[in-house]
Amino acid sequence: MIGTFSALVKLFRHKSEPIYFPTVLYRPYQFIPQHFLHFTFYLLPSFLPFAFILTSILINDDLLLRSFQPEDAAELFRCVDAARAELRPWLNWVDATTKPEHSLEFIQMATAWQHSGEGLALGIFLQKSRQFIGTIGMSHFQSEQKRAQIGYWLDPSFQGKGYMFRSAVRFVDFLFSKLNLNKIEMHMIPTNQRSIALAARLGAVAEGRIRQSYFSGGSLQDIIITGILRSEWDSKEFIL
């Protein structure tokens, strides 16, 4: 675990209703037409085959994954601030997040990633109360290899309830089936036993260890690399 435009998008993008699956609701990623680029002054890197507009994944009656909105900044910061001590050993950005404006900057950056197709950061919300409890996202997208990394964190007060496992299963399935990825990697430091256990439960295989390559907790840490292939994922079944 190492994440005026929207109105124009609705006006110019191809019409498409949300697509429903038995327990998944998502809005399909789409390529933005050339005529749309002219009106928004928005440029897509030439190697990207898609761009995200808005993503929502309804997991079940309990959980919802969705794109961040600016109004989520205060709650995002409150959650990070309350869990600072627990998150600090695994996430080196925690100490630099000292005010709600920093969370808003993250949301703005995540929105830019999403619009350009470079990455995807979703909030994890309790479906009924709409309470924010964590994040899950995709980064380091490599189009030629059809490969990306995912990262995640959860408010410690909601750990041990299966929320992250269910979120990760649906998110990984979304990335494989809708983005046509061939491989998803999860990187974590060796002491992050919860993240290592989650990767194993998803079926990820330990592929190697990069020594002293991540700065966290005041020192350089090793990174454990795990990964799962599309062919491996397709053979799995999960009870959520």
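The values are calculated or read from the model by the stated rules, or taken from the named source; none is laboratory data. Predicted model only: the values in this text are computed from it and were never measured. All Cβ positions, glycine included, derive from the backbone under ideal geometry; neighbour counts span all protein chains shown.
Among the residues of the range 214-240, which ones are over 16 Å from residue 89 (Cβ atoms), modelled with pLDDT under 95 and of a type outside the set (Val, Ile, Thr)?
Residues satisfying the conditions are 234, 235, 236, 237, 238, 240.
Which count do you get for residues in the range 85-107 that are aliphatic (A, V, I, L, M), within 23 Å of residue 221 (Cβ to Cβ) and over 16 Å from the mean Cα position of the chain (by Cα)?
4
Take the residues of the range 195-238 that are out of contact with any helix residue (DSSP H, G or I) (no Cβ under 8 Å at 6 or more places or on another chain) and among the basic types (Lys, Arg): which is farthest from residue 145 (Cα to Cα)?
The extreme case among them is 211.
Could you tell me which numbered condition residue 3 fails, if it satisfies all but one of (1) at pLDDT below 90; (2) surrounded by fewer than 17 Cβ atoms within 10 Å (Cβ to Cβ); (3) assigned to a loop (DSSP other than H, G, I, E, B)?
(2)
Within the range 53-69, can you find the residues that are surrounded by fewer than 20 Cβ atoms within 10 Å (Cβ to Cβ), in contact with a Lys or Arg (Cβ under 8 Å, 6 or more places away or on another chain) and assigned to a strand (DSSP E or B)?
Result: 56, single match.
Quickly run through the range 76-93 and pick out the residues that are at pLDDT below 95, crowded, with 19+ Cβ neighbours inside 10 Å and part of a helix (DSSP H, G or I).
The answer is 87, and nothing else.
Which members of the range 94-115 meet the condition of being surrounded by 15 or more Cβ atoms within 10 Å (Cβ to Cβ) and either of a type in the set (Val, Ile, Thr) or modelled with pLDDT under 90 (or both)? Don't jump to the end; show me each part of the working.
Filtering the range 94-115 down to residues surrounded by 15 or more Cβ atoms within 10 Å (Cβ to Cβ) leaves 94, 97, 100, 102-104, 106-107, 110-111, 113-115.
94, 97, 107, 111, 113, 114, 115 - these are the residues of the range 94-115 that are surrounded by 15 or more Cβ atoms within 10 Å (Cβ to Cβ) and either of a type in the set (Val, Ile, Thr) or modelled with pLDDT under 90 (or both).
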